[in-house]
Structures are given as C-alpha cells and as structure tokens.
Amino acid sequence: MARPYLFGTNFKMNQTPAESAAFYQQLVASVQIPPDTHLFVIPPFTSLSAVKDVAGQPPHRVWVGAQNVHWAPDGAYTGEISAGMLIALDVDLVLLGHAERRRYFHETDVDLNRKVLAALGAGLRVLLAVGETAEERSFGVGGETVLRQLRIGLHDVQTEHLGQIQIAYEPVWSIGAGGTPASPEDVVPIAKQIRSGCEELFPGYGAEVPILYGGSVDPSNAGTFTAFQDIDGLFVGRAAWTVEGFIATFQAGYQGHVTGDG
Ligand code: PGA
C-alpha cells in the first residue's frame, strides 16, 4: 500500500482564534492539494473552535489538529483536555510527544503511551513526535532513544488503529530558532530505524506508517529530505507560520517527494 504524503505545521503558543481562522481560510483558498496528500494545521486549543467554524463539517480539506490530549476520558485534571472533547469539536488529529512537551512539561514515554491509546480509542489520528537530544546524539544513542520512544509510545496499539498513526522524527537539536539544521545524512538512517521499529511492532504492517521529518525545515531544504523513500512528509514550525511560507515549503517538499526515490 502506498503511504500518503503529509505536510503540516504546529503553531505552538501563538495565534488568537481570529488569526488561526484567517490563516486556515486563506490556506484552503490558495493551496492546491495533490491526490494522496494530506495537509494539517495544529493551532492552540483556544483556536480550535474558530478554525472548525471556518472549516465546516469533516472531512476537512486541511486537517485540524490539537497540540496535546489527556489520557483520561474525564475527571479531576484541571487544565487538561480529553479526547472526547476534541472529537466533539471535529478535531482530526492530535500531536503527542512534541519535544517541548517532553522537555518543559516532563511528559514521559509512559504518559505518552497512555495518551496515544486514549486518542486512538476515541478515533483521533495521532502524530507521535520522537527525537533525540544533542546530548543523546553526542553519546551515540540517538537511534536507541528514538526507538525507545517509539516502542513505549506505541506499546499495546492494535493493528486496527495503525491507519490513524503517523510518526514525526524531530531531532531536538534541530528544532526552533536555536536549532542546527540537520542534513539528510543525519535523518535518513534514523527514519530507517523508525521504519524497522514499526515493522517489529506491527509485523507485516510497519511499511504503512507515514514518517515525517521536522526541525528547521524551510523551502531551501524541504525537498532534500522528502527525496528519500522513508520520509513521507514534513512537520514544520517557523517556516510555515505564514500562508505563503506554508505553501512554499509544502511545494518544495512535495517536489522532492515526486522527483526523488520516495
Ligand atoms: P521549526 O520547529 O521548524 O521551527 O524548527 C519544528 C518543530 O518544533 O516541530
């Protein structure tokens, strides 16, 4: 089965509801979406309702994602949001395990596994982010770190939910304004390890899981990653925070995808 091509952005703690809705509306009006391609935007929780209002009923041309979810269906968890609450807003996808959640909010792989299972069970697509820190890389355990995050994060996931899962490989050292852009030589071997890890977890099905790359991606380097067979798309921050930047980075990545070996 051919894997879809995926491209999207996470706005992190930026944008008012009106700003997110305007971005979404302008994006949908101006982007051409090729077949077998899915685009997504992940605004803050407070923007979801406004974006959903302009997106209309599902299926959404551009998927709308949330930046986190709690594992419990309800209860005494002040400040948290459940999968059922996201489903009630017609949210298409939830991002779990972003490096900033792991680092600043101390989310562990075990916490993330509970969140993954809750989100899948509620019917949400999951974008699970994995990636090693600069320190882990310097000790030569980048691949091991990523495989540990993958194995624990996807523990007990049933094959029937595999179609809801996508993995974003984002080396922590390459993310954000202080990050060092990675090269395909850094990224491709780990993407291959993620692919083998998926195959080991889901024998016969691992090849179906889309793997995205993220970390300092922009129009100048997007196509260098997506030219590789194991990289099925891009997960972009800063470069995609304007509609023009989103489209330019998407198109550069898509061009690499169709002209490369992927
Ligand atoms: P960046 O962010 O593209 O701005 O480096 C990526 C991310 O945080 O996912």
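What follows draws every value from the coordinates through simple rules; no lab data is involved. The model shown is predicted, which means the values in this text are computed figures rather than measured ones. Cβ atoms come from the backbone with ideal geometry, glycine included; neighbour counts cover every protein chain shown.
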Query raised in the report: Where nothing but the Cβ of Lys and Arg (+1) and of Asp and Glu (-1) is charged, how large is the charge dipole of the chain around its Cα centre, in debye to the nearest 20?
Result: 280 debye
Query raised in the report: Per the Kirkwood formula on distinct C-alpha pairs, the Rh of the range 197-262 is how many angstrom?
Result: 12.2 Å
**Report entry** Inter-probe distance in nm under a simple model that places probes 7 Å from Cα toward Cβ, at GLU185 and ALA2
**Finding:** 3.2 nm
Query - Positive minus negative residues near SER138 (Lys, Arg vs Asp, Glu; Cβ under 14 Å) - result: -4
Query - In range of the label at ARG148: residues from the range 96-114 whose backbone nitrogen is under 12 Å from the point 7 Å along Cα→Cβ - result: 109-110
**Report entry** Most mobile of GLY97, GLY142, GLY65 in a GNM of the chain (Cα contacts under 10 Å)
**Finding:** GLY142
Query raised in the report: Extension gain VAL54-GLN229, at 0.36 nm per residue separation less the Cα-Cα distance, in nm?
Result: 59.5 nm
Requested in this report: In whole angstrom, note down how far apart the Cα centers of the range 35-76 and the range 160-199 are.
Outcome: 22 Å
Query raised in the report: Can you pull the three principal axis extents for the Cα set of the range 75-136, in Å, largest first?
Result: 40, 25, 17
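Over the chain, what is the mean sequence separation of C-alpha contacts under 8 Å (at least six apart), divided by residue count, expressed as relative contact order in percent?
18 percent
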Requested in this report: Quickly work out the VAL258-to-ALA76 label distance, labels modelled 7 Å from Cα along the C-beta direction, and quote it in nm with one decimal.
Outcome: 5.7 nm
Query raised in the report: Given that compact globular proteins tend to follow 2.2 N^0.38 Å, what is the ratio of the alpha-carbon Rg of the range 1-41 to that value?
Result: 1.38
Query raised in the report: What shape does the chain take by its C-alpha gyration tensor, where a ≥ b ≥ c are the square roots of the eigenvalues and a/c under 1.5 counts as rounded, a/b above b/c as prolate, and the rest as oblate?
Result: rounded
Query raised in the report: SER220 versus VAL141, label points 7 Å from Cα toward the beta carbon: distance in nm?
Result: 3.5 nm
Report task. Report the one residue of THR9, VAL51, ALA29 whose Cα lies farthest in the direction of the positive end of the charge dipole of the range 1-128 (charges on C-beta: Lys and Arg +1, Asp and Glu -1; origin at the Cα centre). Result -> THR9
Query raised in the report: What does the charge dipole of the range 1-112 about its Cα centre add up to, to the nearest 20 debye, if the Cβ of each Lys and Arg holds +1 and the Cβ of each Asp and Glu holds -1?
Result: 280 debye
Query raised in the report: What net charge do the residues around ALA177 carry, taking every other residue with its C-beta under 12 Å from that of ALA177, with Lys and Arg at +1 and Asp and Glu at -1?
Result: +2
**Report entry** Span per principal axis, largest first, for the Cα atoms of the range 109-258 (Å)
**Finding:** 39, 35, 26
